[in-house]
Amino acid sequence: MSLTENKERCLQMVAAWNRWDVDGVVAHWAPDVVHHTADGGRHDTAELVETMRAAVRAFPDLHLEVKSILAEGDRVMLRITVTATHQGDFLGLAPTGRPVSWHYLEELRFSPEGKVVEHWDVFDFSPLYQELGMLDGAVPAGSASRP
């Protein structure tokens, strides 16, 4: 696939997120996709999908804005800002109705057939924690995970 086609696939996944369509995101993944964590570990697809669904439950109006997108070879990198409203349980915190945001970088490696075969992301949740009043000296247990 071309660089342009791989970038377009990434933008299609972002559009699916913005429709709260987790299955639309997953449709772009190869069956054996490897999801890397920032600390060198891995998530299995079922775990990541449940985390994605939990994010939609906690922040049902979440919106991803692509700030930049770069492609080289079989890889695409995105810099994304997420905005949402805290409307569901998040890390044990009851809904606050507060607007929130967070940032992340994502790298995706594509197969020649155009499916994501490897995925890395690094999140900056500090704006989210601050907006929810969770940075008053200690971040709650489990907060290093995704929303």
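The relative contact order of the chain comes to 24 percent, based on Cα pairs under 8 Å that sit 6 or more residues apart. Compared with the dominant principal axis of the Cα atoms in the chain, helix 3-18 is inclined by about 30°. Annotation: extensible slack from Asp32 through Leu105 equals 24.1 nm (criterion: 0.36 nm per residue apart, minus Cα-Cα distance). Within the stretch 45-87, all pairs of alpha-carbon atoms sorted by distance into 10 Å bins from zero give the percentages 25, 36, 33, 6.
Relative to the longest principal axis of the Cα atoms of the chain, helix 45-58 runs at roughly 40 degrees. Ranked by the mean number of other Cβ atoms within 10 Å of their residues, highest first, the peptides 46-59, 28-41 fall in the order 46-59, 28-41. Shown here is the pair-distance distribution of the chain: with all Cα-Cα distances grouped in 5 Å bins from zero up to the longest one, the shares run 2, 9, 18, 23, 21, 14, 7, 4, 1, 0 percent. Computed extension length for Ala46-Trp120: 25.0 nm, one decimal, from 0.36 nm per residue of separation with the Cα-Cα distance subtracted. Between Gln130 and Met1, the distance separating the two model label sites (each 7 Å from Cα on the Cα→Cβ line) works out to 3.6 nm. Residues in the stretch 28-43 carry Karplus couplings, in order, of 8, 8, 5, x, 10, 4, 10, 9, 8, 9, 4, 8, x, x, 9, 10 Hz; the curve used is 6.51 cos²θ - 1.76 cosθ + 1.60 with θ = phi - 60°, and Gly or Pro positions show x. Put simply, the convex hull of the Cα atoms in the stretch 25-66 casts, on average, a shadow of 3.9 nm².
All of the numbers you see were taken from the coordinates with simple rules; none came from a lab. Keep in mind that what you see is a predicted model, and the values were worked out from it rather than measured. Please note: Cβ atoms are built from the backbone with ideal geometry, for glycine as well, and neighbour counts cover all protein chains shown.
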